[in-house]
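Read the figures in this text as sums done on the coordinates, not as results from a lab. Keep in mind it's a predicted model, so treat the numbers as computed, not measured. Neighbour counts are summed over all protein chains in view; Cβ atoms, including those assigned to glycine, are modelled from backbone coordinates with ideal geometry.
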Amino acid sequence: MDKIDAIDAQILDLLQREGRIKRKDIAEAVGLSIPSVSDRMRKLEARGVLTGFHGTVDAKRLGHDVMAFVFVQSTGSEHYGEFVKTVTALDEVQELHSVTGDGSHVLKVRVRTTTALERLLATIQAVPGVRGTRTSLVLTTHKETAYLRAEPMTLPPLDD
């Protein structure tokens, strides 16, 4: 069984807090050699726990001032695959979630203007199987993070 021990959890915590941290600094923080840290990181990647290293950009500094959540109501599941393929290909869509409750999907989108949002909504509403959308504009973001606290644990099997 694949496990994450306390040292793996520390490594994951350090990487999430500072993606550019040097392996030397990780090694010092967790009390291991640099090759041991590198080996653990490689194993975390191979087990699908550590999935990549990404730069975080300020959307507003890049002119993407409008963030919204779009709730999509579908006509049924017959167009599910086509909907997912079409919507995930749209650069403005940052997240796509299948959900329960009112609607079938929730999208997090970022655009430059409300006019661009209107065009994006028209594109989404034209996808086969979309019955309608409901959109909520974000006024202020108080917290936005991808950080997850890692703890020692047994890993569940990978989804295929």
Review point. So for the pair Val84, Asp5, with labels modelled 7 Å out along Cα→Cβ, what separation do we get in nm?
Key: 3.7
**Study point:** Point-to-point label distance, Ser36-Leu158, nm (Cα→Cβ direction, 7 Å offset)
**Key:** 2.6
Revision key, fill the gap. For Lys60, the lysines lying under 28 Å Cα to Cα, once residues fewer than eight places off in the same chain are dropped, come out as Lys85, Lys108, Lys143
Study note, to complete from the structure: With R₀ set to 30 angstrom, the calculated FRET efficiency between the beta-carbons of Glu18 and Lys108, to the nearest 0.05, is 0.75
**Study point:** Environment charge at Ala59 (Cβ cut-off 10 Å; Lys +1, Arg +1, Asp -1, Glu -1)
**Key:** +1
Review point. Ranked by Cβ crowding within 10 angstrom, fewest neighbours first, how are Phe53, Phe69, Phe83 ordered?
Key: Phe53, Phe69, Phe83
Revision key, fill the gap. Computed, not fitted: 222 nm per-residue ellipticity of the chain from DSSP H runs ≥ 4 (each -39500 (n - 2.57)), nearest 500, equal to -10000 deg cm²/dmol
Exercise for review: Kindly provide the trypsin sites (Lys or Arg not before Pro) of the range 21-50 that DSSP labels as loop, not H, G, I, E or B, and whose Cβ sees at most 16 other Cβ atoms within 10 Å.
Suggested key: Lys22, Arg47
Check your understanding: Within a Cβ distance under 14 Å of Thr114, other residues only, what is the Lys/Arg minus Asp/Glu net charge?
Key -> 0
Review point. Arranged by the count of other C-beta atoms within 10 angstrom, fewest first, what order do Tyr147, Tyr80 take?
Key: Tyr147, Tyr80
**Study point:** Sequence-separation-based contact order of the chain, relative, with Cα cut under 8 Å and 6+ spacing, percent
**Key:** 32
Review point. Taking GluC sites (Glu not before Pro) that fall in a DSSP loop and have at most 14 other Cβ atoms within 10 Å as cut points, what is the longest piece of the chain between them?
Key: 79-143
Check your understanding: In the neighborhood of Val49, defined by Cβ-to-Cβ distances under 9 Å, what is the net charge if each Lys or Arg adds +1 and each Asp or Glu adds -1?
Key -> -1
Practice item. State the label only: which of [x] 17.5; [y] 16.2; [z] 18.6 corresponds to Kirkwood radius over Cα pairs in Å computed from the shown model? Key: [z]
